[in-house]
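Structure incoming, see below.
The values are calculated or read from the model by the stated rules, or taken from the named source; none is laboratory data. Note that the structure is a prediction, hence the values are computed from the model and not measured. Positions of Cβ are backbone-derived with ideal geometry, glycine not excepted, and every protein chain shown enters the neighbour counts. Protein only, heavy atoms only, side chains kept; ligands, DNA and RNA dropped before computing areas. Shrake-Rupley method; radii C 1.70, N 1.55, O 1.52, S 1.80 Å.
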Amino acid sequence: MPIRIVLADDQFIVREGIRRLLETSDDVQVAAVCEDLDSLLAAVDAEQPDVVVTDIRMPPGDADEGIQAAVRLRESHPHIGVVVLSQYATPGYALALLEGGCEGRAYLLKERVKDLDQLVAAIRAGSEGGSVMDPKVVDALVASNARAEESPLNELTPRERDVLHEMAEGKNNAAIAETLVLTERS
């Protein structure tokens, strides 16, 4: 069965381009398209998708509505994955998305959308409770946190750094487990 998604982006051309791109994949079914936070939340209630694919900034505030949607959905619909598409490799956005946990969450830069396989892999990971972070975002996170004296990155074990490195390469949980010879649950 295809993964059912609700797609949200305030820019018509971007929204329709992503929708048409996703419709070429047998793995994904676009259940609804939206242009703002309110219509996104209403579509989720009506369609009960497996995953939401959302722009990070949309009306009404053009601030971080994609993150707001992810936070709300974690409480109201915890089984729904969220893939946030952004043009910003800003650590603050990624950290806000992951604040409640990384399960079922993905953060991709919009430049990755041209690669349908990467986008579908992020959607699939979100639907399965996995997580995906754009490598450029992970690089930005590592760089900003490494500069901090009391950075949590300084407390990572070598094995945890190996996992972070694999995440930065865009690998999903299964691929990381295979590369590092671990069980996926680990």
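Please report, in Å, the Rg and the Dmax of segment 54-186, where both are computed over Cα atoms only.
Reported Rg and Dmax, both Å: 14.5, 46.
What residue among D162, D134, D64 shows peak mean-square fluctuation when the chain is described by a Gaussian network model with Cα springs under 10 Å?
Comparing D162, D134, D64 in the GNM, the peak value goes to D162.
Once phi is turned into θ = phi - 60°, what whole-Hz ³J(HN,Hα) does the Karplus curve with 6.51, -1.76 and 1.60 give for every residue of segment 162-167, x standing for Gly and Pro?
Going residue by residue, I get 4, 5, 4, 4, 5, 4 Hz, with x marking Gly and Pro.
Can you tell which of A174, A32, V137 lies farthest toward the positive end of the dipole of segment 31-186, using +1 and -1 charges on the Cβ of basic and acidic side chains (Lys, Arg; Asp, Glu)?
A174
Hey, any idea what % of the chain's accessible area is carbon plus sulfur with a 1.4 Å probe?
Values: 4860 of 9660 Å².
For the chain, the apolar C and S fraction of the accessible surface comes to 50 percent.
Mind telling me which of P78, P158, P49 comes out most flexible in a GNM of the chain, alpha-carbon contacts under 10 Å?
P158
Report the local net charge at E166: Lys and Arg +1, Asp and Glu -1, summed over other residues whose C-beta lies under 12 Å from its C-beta. Intermediate values should be presented prior to the final figure.
Working: positive: R159, R161, K171; negative: E160, D162, E169, E178.
For residues surrounding E166, the net value is -1.
Under 5 Å between amide hydrogens, which residues at least 5 positions from A8 or on another chain qualify, with H placed 1.01 Å from N in the peptide plane?
C34, V53, T54, D55
Using only the alpha-carbon atoms, what does segment 88-141 span along each of its principal axes? Please give whole angstrom values in decreasing order.
26, 23, 13
Here's something else I'd like to know. Please give the Cα centre distance for segment 1-24 versus segment 53-113, rounded to the nearest Å.
Computed from Cα coordinates, the inter-centre distance equals 16 Å.
Using the Karplus equation 6.51 cos²θ - 1.76 cosθ + 1.60 (θ = phi - 60°), what ³J(HN,Hα) coupling, rounded to whole Hz, does each residue of segment 33-44 give in order, writing x for Gly and Pro?
With the stated coefficients, segment 33-44 comes to 10, 9, 10, 7, 4, 4, 5, 5, 5, 5, 5, 4 Hz.
Between A168, A125, A143, where does the largest GNM mean-square fluctuation fall for the chain, given springs only between Cα atoms within less than 10 Å?
A143
For the chain, report the accessible area per residue in Å² (1.4 Å probe, heavy atoms, rounded to an integer). Write out the running numbers ahead of the final one.
Values: 9660 Å² over 186 residues.
Averaged over the residues of the chain, the accessible area is 52 Å².
On to the next question. Taking a quarter of the surface of the convex hull around the Cα atoms of segment 1-116, what do you get in nm²? Could you put the intermediate results ahead of the total?
On the way: hull surface 26.0 nm².
Computing the convex hull of the Cα atoms and averaging its projections yields 6.5 nm².
Output wanted: per-residue J couplings in Hz (rounded whole) for segment 49-66, from phi through Karplus 6.51 cos²θ - 1.76 cosθ + 1.60, θ = phi - 60°, x for Gly and Pro.
x, 7, 9, 10, 10, 9, 5, 6, 10, 8, x, x, x, 6, 10, 9, 4, x
In degrees from 0 to 90, rounded to the nearest 10, what is the angle of the helix 12-22 Cα long axis to the longest principal axis of the chain?
The answer is roughly 70 degrees.
Another one. Sequence-distant or interchain residues sharing an amide H contact under 5 Å with D50, placed H: which?
Result for D50 returns R4, I5.
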